[in-house]
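The values are calculated or read from the model by the stated rules, or taken from the named source; none is laboratory data. Computed from a predicted model, the values in this text were never measured in an experiment. Because the Cβ atoms are built from the backbone with ideal geometry, glycine has one as well, and the counts that use them run over all protein chains shown. The protein model used for the area step is the full one, side chains on, heavy atoms only, and it has no ligands, DNA or RNA in it. Shrake-Rupley method; radii C 1.70, N 1.55, O 1.52, S 1.80 Å.
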Amino acid sequence: MLNFLRKNKIAAGVLAIIRIYIGYQFIHAGYEKLTGGGFDASGFLKGAIASSTGDHPAVQGWWAAFLEHVALPNAELFSFLVQWGEVLVGIALILGLLTNFATLMGMVMNFSFLFSGTVSTNGQMILLAIFVLVAGANAGKFGLDRYAMPYVRKYMAAGRNHKENTARV
C-alpha cells in the first residue's frame with residue numbers, strides 16, 4: 001500500500017484530487033475571512049476557553065491555558081495567521097507547490113481548531129491530509145512540485161555541503 005501511494009501514477013492522480021479538494025476548503029475559508037470585513041479570532045478564542053469548564057469540557061485544560069495566556073493576548077496576530085495561513089495553504093495545495101509542507105501546516109491548523117472544540121470538517125480534512133503526507137512527493141507529482149522540488153533538493157544539498165566543508169576547517 002505504501003509503495004502504491006508513493007510511486008503509482010493513478011495514486012498520484014487521486015492524491016491530486018484530494019490535495020485540490022483540501023486546498024479549495026482552505027482557500028475558501030481564508031478568502032471569506034479576508035473579505036468578510038475584519039475577521040477577529042478573539043470571539044472564537046473566548047468561546048473555546050469557556051468550553052474548557054464544566055462536567056464534560058470540549059476543550060482540554062492545557063489547550064485552554066495556551067489560548068488564554070498566549071493566543072488571546074495576541075488575538076490580532078492569530079487572526080492574521082489564521083486568515084493568511086488558510087489562503088496560502090489553499091493556494092499551495094491547489095498548485096501542488098511545497099505540497100508536504102503545506103499539508104503539514106494545514107494539519108496544524110485543523111488540529112488547532114479541533115483542540116478548540118470545533119467539530120466541522122476538520123477531522124475529515126486531517127484524515128485526507130494523512131494520505132497526502134504519507135504519499136510524499138507523489139502527492140505533488142501533478143503540480144508545481146514536479147518542477148520546484150529539484151531546485152529545493154539542490155539548494156538543500158548545497159547548504160549541507162557548505163556546512164560539512166565549514167566544519168572540516
query = How would Met125, Met105, Met156 line up by accessible area, probe 1.4 Å, largest first?
reply = Met156, Met105, Met125
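Among 131-141, 8-18, what's the highest-first ranking by average C-beta atoms within 10 angstrom per residue?
Ranking, from highest mean packing down: 131-141, 8-18.
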message = Compute the distance from the alpha-carbon center of region 106-169 to that of region 70-97, in whole Å.
response = 16 Å
note = Rounded to one decimal in nm, the spacing of the 7 Å Cα→Cβ label points at Lys46 and Ala158 is 5.1 nm
query = Just how much of Arg6 is accessible, in Å², when a 1.4 Å probe is used and the result is rounded to the nearest 10?
reply = 120 Å²
request  = Treating cross-link reach as a plain straight distance, find the lysines whose alpha-carbon is under 26 Å from the alpha-carbon of Lys7, omitting any fewer than eight places away in the same chain.
outcome  = Lys141, Lys154
task = Tabulate in residue order the Karplus-calculated ³J(HN,Hα) for region 37-54, using 6.51 cos²θ - 1.76 cosθ + 1.60 with θ = phi - 60°, rounded to whole Hz; enter x for Gly and Pro.
result = x, x, 4, 9, 7, 4, x, 4, 5, 4, x, 5, 5, 5, 7, 9, 10, x
task = With no solvent and one equal point scatterer placed on each C-alpha of the chain, evaluate the Debye formula and give log10 I(q)/I(0) for q = 0.08, 0.14 Å⁻¹, two decimals.
result = -0.32, -0.82
ask   = At what distance in nm do the modelled label points of His56 and Leu77 sit from each other, each positioned 7 Å from its Cα along Cα→Cβ?
value = 3.6 nm
